[in-house]
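The values are calculated or read from the model by the stated rules, or taken from the named source; none is laboratory data. Because the structure is a prediction, the values reported are computed rather than measured. Virtual Cβ from ideal backbone geometry, glycine too; neighbours counted across all protein chains shown. For the accessible areas, the whole protein counts, side chains as well, though only heavy atoms, and no ligand, DNA or RNA atoms are used. Shrake-Rupley method; radii C 1.70, N 1.55, O 1.52, S 1.80 Å.
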Amino acid sequence: EFGISDGLMFGGVSTSSYADFSDSQSWNGTSWTTGGSLTGARQSGASAGTGSTSARYVNGYNDSPAPYPNSNRNESYNGTSWTSDTVHPQSVNNKGDGGCGTVDSMIVTGGHANGTGDRNQFYKWTGSWSTIANGITGSQCTVTGSLSSALITKQTSAQTWNGSSWTSSTATNVSRKTAGGSGISSESGFRCFDWANTNPFVNSSESWNGTAWTARGNAPYARTESASLDNTTDSLMSVGGGQSYG
């Protein structure tokens, strides 16, 4: 998460062994540096933060055993180590950009519980957990912005958040799931790539200006479930991801 010149990547799963990662790596705009390890290795959690020394990682799931146990872990990073905080009220995974905000002020979308299906309840973290109004339900959503102003998309659906309620907004140009996303408010959004359980994946992107979606440039490679080191509508870095279905 958190910017093309000051970023942090953590967790995830190996495409060769399907083992979950617990390590973190910080990005300074030039090179990657190994950082502290998560309190629990997992993939597909929700994250938020503002730089390589300030992050939060919530939920996720493990690669084994089936049906792939979900996690309610909630941990924060200070640039050196990860610390466990009060667990999330539910054990879910997000399979997308299911969190936004800062280490102390975060939105977490409903997510998915493997074996039992999608969950619809949204939460916020402000030092403790409390519910907020539900937006687009389930997993594979992309949410960007802050606790007071955010944008959420899934497939072609889009909603904006004003700090108290979600409002349906203009549909996107392209239907996307597990899209990489970036943005700082309900009036500034960017998302890229597409996954629909079929090949080939889509490498296109589009941006939101508060009124309309506009097609942007194509990435060199199509991918799914990549890490998004997000910043603004005009500044995003994508790392990793899957290149083909199956």
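Residue count for segment 17-48 satisfying the condition of being among the small types (Gly, Ala, Ser), more than 20 Å from SER238 (Cβ to Cβ) and free of Cβ contacts under 8 Å to residues at least 24 places away in the same chain: 2.
With respect to THR86, determine if the residue is open to solvent by 40 Å² or more (accessible area, probe 1.4 Å), under 24 Å from SER148 (Cα atoms) and either polar (S, T, N, Q) or touching a Lys or Arg at 6+ places or on another chain (Cβ under 6 Å) (or both). Here the answer is yes, as THR86 does meet what is asked. Of the residues making up segment 203-233, those that are β-branched (Val, Ile, Thr) and modelled with pLDDT of 85 or more are THR211, THR214.
Residue by residue, here is whether (1) more than 23 Å from SER148 (Cα to Cα); (2) assigned to a strand (DSSP E or B); (3) of a type outside the set (Asp, Glu) holds:
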site	(1), (2), (3)
SER17	yes, no, yes
THR33	yes, yes, yes
ALA55	no, yes, yes
ASP63	yes, no, no
PRO67	yes, no, yes
LYS95	yes, no, yes
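Select from segment 97-110 the residues that are part of a loop (DSSP other than H, G, I, E, B) and more than 13 Å from the chain's Cα centre (by Cα) and write down the one among them that is surrounded by the fewest Cβ atoms within 10 Å (Cβ to Cβ). Top of the filtered list is ASP104. Of the residues screened, GLY12 is one that is touching a strand residue (DSSP E or B) at 6+ places or on another chain (Cβ under 8 Å) and in contact (Cβ under 8 Å) with a residue 60 or more places away in the chain.
Just one residue in the set ALA158, ALA113 is farther than 22 Å from GLY241 by Cα, open to solvent by less than 20 Å² (accessible area, probe 1.4 Å) and out of contact with any Phe, Trp or Tyr (no Cβ under 6 Å at 6 or more places or on another chain); that residue is ALA158. Among the residues of segment 56-81, the ones that are of a type in the set (A, V, I, L, M, F, W, C) and open to solvent by 20 Å² or more (accessible area, probe 1.4 Å) come to 1 in all. Please specify each residue of segment 116-133 satisfying the condition of being surrounded by 15 or more Cβ atoms within 10 Å (Cβ to Cβ) and part of a loop (DSSP other than H, G, I, E, B). Result: ARG119, GLN121.
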